[in-house]
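Since the structure comes first, as structure tokens, the remarks are kept for the end.
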Amino acid sequence: MNNLNRSAITCSQKVKLLNECFVDIDQQAQCFYGYQQQYQQFGSGRYDGQYISLIVNDYFGIHVEKTNKKIEQQGCVPKQSFAFNFLMSETDDCIINGQRVNTNHAFILPPQHQYLFLTSSNMVMCSINLNIKLLELLPVTCHLAQEVKLLSFSPSLLQNLRLYIQSTVKQFIQSPSLLLNDIMMQHFQARVTSMVTCLLSGYQHCETSPKTLAPQQSLMLFIRSRNLIHSDTKYHSLNALSLALQASRRSIEYAFSSTCGISPARYIKRLQMNEIKRLLQQNKNTGKSIGDIVANWEIWNLGRFSGEYQQFFGELPSVTKAGKSARPSYQKNPHMAGKFFEGFGPGSINLK
């Protein structure tokens, strides 16, 4: 399929560095192992993503992800994990469970909690994954492990963490032999953990407000609507949703606009495009025509569909079906880390 430019370096039984580029969001979604992530592309155009993951041991890992298009990410935190997440670059606001996230924020994902994250275009996100056993050694964080929380920090403190991770991970990518140095890896884990602890000691909880959080009632209505839309195509209309949920059309429309910024109709259209692309890529459909595949979605005008598909994914459906999607723009080479980290160097983040 499209698993391209994969670089996996295991330097010991514990330390592992992954450096991968993707044109397929489903393959990128699987990089955050154990989180059961599912992605939907929302932004139009050819997808180019990258994922860097540094697993130091069973208790500590760093994950940096770049997406060039708006993506809906759904997942569930593993039982033994706790994630501290923040944006690495200045970008439009992202949304976590209805709350708007910018570069002054971090959000906590506790064990076994579900999340719905809506990225911006050209987002670079860092996730520090801590084992719950390590969390028990940090009393300041224990009371934060109960629910998904959006936290606000001093810009300079969060910036220090960004720059340290940026410079150190880039160094590991360019010189992977450094991963064999146990003392260096222990220092890296200890320093990042200490910086996170320092941040959590002085955080401010973001209070619910119309500017930062979709009203809880609307958020729950969006989630219920979304679950129905994903469960069966019979709910792929506003009238069907309104009848099934016993909610007004206006309430459902507001739930979508306040939570993810688009109408139910546009959400359903994007979901259909993503699902059709998956069907085109599946080996079991190799012998089927494109017309047969899209007929299940009650699409009969193939010319119009092909045009919409090309506009949305940057390629014709026939190209997708033939497995000839373009390669990622971030080609694997010794300077790849520099390309990935372009756009969030020391002077590029506009901290307010």
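The values are calculated or read from the model by the stated rules, or taken from the named source; none is laboratory data. Small disclaimer: the values here were computed from a predicted structure and weren't measured. Positions of Cβ are backbone-derived with ideal geometry, glycine not excepted, and every protein chain shown enters the neighbour counts.
What the table below lists for this structure:
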{"quantity": "Count of segment 50-83 residues which are of a type outside the set (Val, Ile, Thr), in contact (Cβ under 8 Å) with a residue 40 or more places away in the chain and in a strand (DSSP E or B)", "calculated": "16"}
{"quantity": "In segment 288-313, the residues that are out of contact with any helix residue (DSSP H, G or I) (no Cβ under 7 Å at 6 or more places or on another chain) and under 24 Å from Val23 (Cβ atoms)", "calculated": "Lys288, Ser289, Gly307, Glu308, Gln310, Gln311"}
{"quantity": "Yes/no for Leu241 being modelled with pLDDT of 90 or more, touching a Lys or Arg at 6+ places or on another chain (Cβ under 9 Å), surrounded by 15 or more Cβ atoms within 10 Å (Cβ to Cβ) and closer than 22 Å to Tyr47 by Cβ", "calculated": "no"}
{"quantity": "Segment 30-60, subset aliphatic (A, V, I, L, M) and surrounded by 19 or more Cβ atoms within 10 Å (Cβ to Cβ), residue farthest from Gly75 (Cα to Cα)", "calculated": "Val56"}
{"quantity": "Subset of segment 150-199 [hydroxyl-bearing (Ser, Thr, Tyr) and either touching a helix residue (DSSP H, G or I) at 6+ places or on another chain (Cβ under 8 Å) or assigned to a helix (DSSP H, G or I) (or both)]", "calculated": "Ser156, Tyr164, Ser167, Thr168, Ser177, Thr193, Ser194, Thr197"}
{"quantity": "Subset tally (residues that are outside any helix (DSSP H, G or I), loosely packed, with under 15 Cβ neighbours inside 10 Å and charged (D, E, K, R)) for segment 290-319", "calculated": "1"}
{"quantity": "Every residue from segment 65-80 that is farther than 14 Å from Gln27 by Cα and buried (at least 21 other Cβ atoms within 10 Å of the Cβ)", "calculated": "Lys69, Lys70, Glu72, Val77"}
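Yes/no per residue for (1) surrounded by 14 or more Cβ atoms within 10 Å (Cβ to Cβ); (2) within 30 Å of Gln159 (Cα to Cα); (3) of a type in the set (Ser, Thr, Tyr); (4) at pLDDT 90 or above:
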position: Leu200; (1), (2), (3), (4): yes, yes, no, no
position: Leu213; (1), (2), (3), (4): yes, yes, no, no
position: Arg224; (1), (2), (3), (4): yes, no, no, yes
position: Ser237; (1), (2), (3), (4): yes, no, yes, yes
